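Notes for the one structure printed next.
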Amino acid sequence: MPFPVHILNASSLPLAELESVAETIRQLLGLSVSVAQYRLELERAFDSSRVQYNSSVLIAHILSTITSSEKQKLITIVDVDLYIPVLTFVYGEAQLDGTAAVVSTHRLANEFYGVEENRSLLLERLTKELVHELGHTFGLFHCKQFECVMRASTYVEEIDLKKMTLCEECARRLFEKIHN
Ligand SMILES: [Zn+2]
Ligand SMILES: [Zn+2]
């Protein structure tokens, strides 16, 4: 199987729930997807003035701790609030056309917005963001198609509006990337 995807769980979500997320991603992308528990040293990415975690620092750290081949994708799930210096926050970050990505559940959870917890909605949003960041690791850019999972999302409502799937054009690009 080309490009196995490894989901590394550094969040408090139980592995059993992530297994079902992995199964969905397996079906969506046609890739082998594994899930494992992962201990990430979050402290090194903490910015005390922002009270947030620098996602680029985390990605560099993940790559330094795991021996991986170029043909693998490593996507780590955390539950802390992530940022990159030019943005207030990010749901996730990926190396464009690279190996590693990180996604946070922090702003995907209803509780963050003072709304009642909804576990299945959280997992749905998480799946979309995982597919989105994986798309970036396969070299996909943001897409203007309204329902495409590669559409950029600034608000959680925008994540809810898009689908888990890639539009035809993004799907074609991904297929080429995987099979060439
Ligand atoms: Zn993006
Ligand atoms: Zn698209």
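I'd like the Karplus ³J(HN,Hα) series for the range 2-12: coefficients 6.51, -1.76, 1.60, θ = phi - 60°, whole numbers in Hz, and an x wherever there's a Gly or Pro.
For the range 2-12, the Karplus curve yields x, 6, x, 9, 10, 8, 9, 8, 10, 10, 8 Hz.
Under the definition of Cα pairs under 8 Å and six or more residues apart, what whole-number percent is the relative contact order of the range 138-180? Walk me through the numbers on the way to the answer.
Values: 39 pairs, mean separation 17.2, N = 43.
Relative contact order of the range 138-180: 40 percent.
Around GLU93, what is the net charge, scoring Lys/Arg as +1 and Asp/Glu as -1 over all other residues with Cβ under 11 Å from its Cβ? It would help to have the intermediate numbers written out before the result.
Working: positive: none; negative: GLU129, GLU133.
Here the count lands on -2.
What relative contact order, as a whole-number percentage, does the range 61-180 give when Cα pairs under 8 Å and 6 or more residues apart are counted? Numbers along the way, then the final one.
On the way: 175 pairs, mean separation 23.9, N = 120.
Relative CO of the range 61-180 lands at 20 percent.
Could you work out what % of the accessible surface of the chain is carbon and sulfur, using a 1.4 angstrom probe and leaving DNA, RNA and ligands out of the count? Let's see the in-between values first.
Values: 4790 of 8960 Å².
The value for the chain is 53 percent carbon and sulfur by accessible area.
How big is the range 39-97 in terms of Cα radius of gyration and Dmax, in angstroms?
11.7, 37
Taking every DSSP beta bridge that has both residues in the chain, what percent is antiparallel when rounded to the nearest 5?
Details: 6 of 23 bridges.
Taking every DSSP beta bridge within the chain, about 25 percent pair in antiparallel fashion.
Once phi is turned into ³J(HN,Hα) by the Karplus curve 6.51 cos²θ - 1.76 cosθ + 1.60 with θ = phi - 60°, what whole-Hz value does each residue of the range 48-61 show in order, with x for glycine and proline?
Using θ = phi - 60°, the values come out as 6, 6, 9, 6, 9, 10, 6, 5, 5, 5, 5, 4, 4, 5 Hz.
In nanometres, what is the gap between the two model label sites at VAL57 and PHE112, each 7 Å from Cα along Cα-to-Cβ?
Going from the VAL57 label point to the PHE112 one covers 1.9 nm.
With loop defined by DSSP as not H, G, I, E or B, and exposure as at most 12 other Cβ atoms within 10 Å, which is the longest segment of the chain clear of exposed trypsin sites (Lys or Arg not before Pro)?
Values: sites that count: ARG39, LYS71, LYS144.
Here the longest run is 72-143.
Just grab the label-to-label distance for GLU23 and LEU42, each label 7 Å out from Cα along the Cβ direction, in nm (one decimal).
Inter-label distance under the simple model: 2.8 nm.
At a Förster distance of 30 Å, what's the computed FRET efficiency of ALA16 paired with ASP97, Cβ-Cβ distance as r, to 0.05?
Details: r = 32 Å, r/R0 = 1.08.
For ALA16 and ASP97, the calculated efficiency is 0.40.
Using a/c under 1.5 as the rounded threshold, could you call the chain rounded, prolate or oblate? The axes a ≥ b ≥ c are square roots of the C-alpha gyration tensor eigenvalues, and prolate needs a/b larger than b/c, oblate otherwise.
On the way: a/c = 1.40, a/b = 1.15, b/c = 1.21.
Rounded, because the longest to shortest axis ratio a/c is under 1.5.
The values are calculated or read from the model by the stated rules, or taken from the named source; none is laboratory data. What you see is a predicted model; the values in this text were computed from it and never measured. Here Cβ is always computed from backbone atoms with ideal geometry, including for glycine, and neighbour counts include all displayed protein chains. Ligands, DNA and RNA are stripped out before the accessible areas are found, and what is left, the full protein with its side chains, is counted by its heavy atoms. Shrake-Rupley method; radii C 1.70, N 1.55, O 1.52, S 1.80 Å.
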